[in-house]
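The values are calculated or read from the model by the stated rules, or taken from the named source; none is laboratory data. For clarity, every value in this text was computed on a predicted model and none was experimentally measured. Ideal geometry is used to build each Cβ from the backbone, glycine not excepted, and the neighbour counts take in all protein chains shown.
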Amino acid sequence: MNTPTLLTCDGCGQPASVEHFARRLQRLEWATRYRPVHMQALLISAVSPLANEDFLYWPAGEYQGEAAQLLDAIGIVHRGRPADAVLTEFQKRGLYLTHVLECPMEFGVGDKVELATLLDVRFNAVCAKIRRSLKPKRLVIFSPQMRSIAHRFASADLGCTVELDNSKPFDLENVDSAARLAAAMPSITTTARA
């Protein structure tokens, strides 16, 4: 019996099946539809959420987890609104969300070391993408999992201002940190001019 050959995914560095690549391409398609022409702020987290409801660009909306926390923190009303209206508002503000690991991971005991290693390995590729393709005016780093590499973003030559919460990533699950993110966002969450 032949075992399937796994290739390394260029979006996350994990060994990937055909299904993994299909899911990645589907999520890229959803996100790319709402990529702003002039990116005021790139919001970056460690790893793409596993559940579609937690993924900001899921076309069905029904936001939960990371997506709901982020929308709440930046002041975009999402409850009871169609996903297209929410994501269009996000886009018009010049905001775009990405992850260092663009594909979800399932975490178990001991996986924090693996996550830190994958984040470290992906760091240079993500910086190149920020400089060459995304070109935001600001980079907003959030999620506690980004602590291992946040300082590297702050010292990298990305051509943009890096926003941190007192030298560490914003934590959307921490009320005080989420409030500080909300306070930092007004200057970049006004409707961007295309």
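Quick grid of which residues meet (1) within 19 Å of ARG24 (Cα to Cα); (2) loosely packed, with under 14 Cβ neighbours inside 10 Å; (3) polar (S, T, N, Q):
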position: HIS38; (1), (2), (3): no, yes, no
position: LEU43; (1), (2), (3): yes, no, no
position: ASN52; (1), (2), (3): yes, no, yes
position: GLY61; (1), (2), (3): yes, no, no
position: ILE76; (1), (2), (3): no, no, no
position: VAL86; (1), (2), (3): no, no, no
position: PHE90; (1), (2), (3): no, no, no
position: CYS103; (1), (2), (3): yes, no, no
position: VAL126; (1), (2), (3): yes, no, no
Count - residues of region 15-36 that are surrounded by fewer than 18 Cβ atoms within 10 Å (Cβ to Cβ), within 18 Å of ARG122 (Cβ to Cβ) and touching a strand residue (DSSP E or B) at 6+ places or on another chain (Cβ under 7 Å): 1
Where a residue in region 113-142 is at positive phi and its partner, wherever it lies, is crowded, with 16+ Cβ neighbours inside 10 Å, with Cβ under 9 Å and at least six apart: LYS135/MET39; LYS135/LEU42; LYS135/CYS160
So SER148, is it part of a loop (DSSP other than H, G, I, E, B) and modelled with pLDDT under 95: no
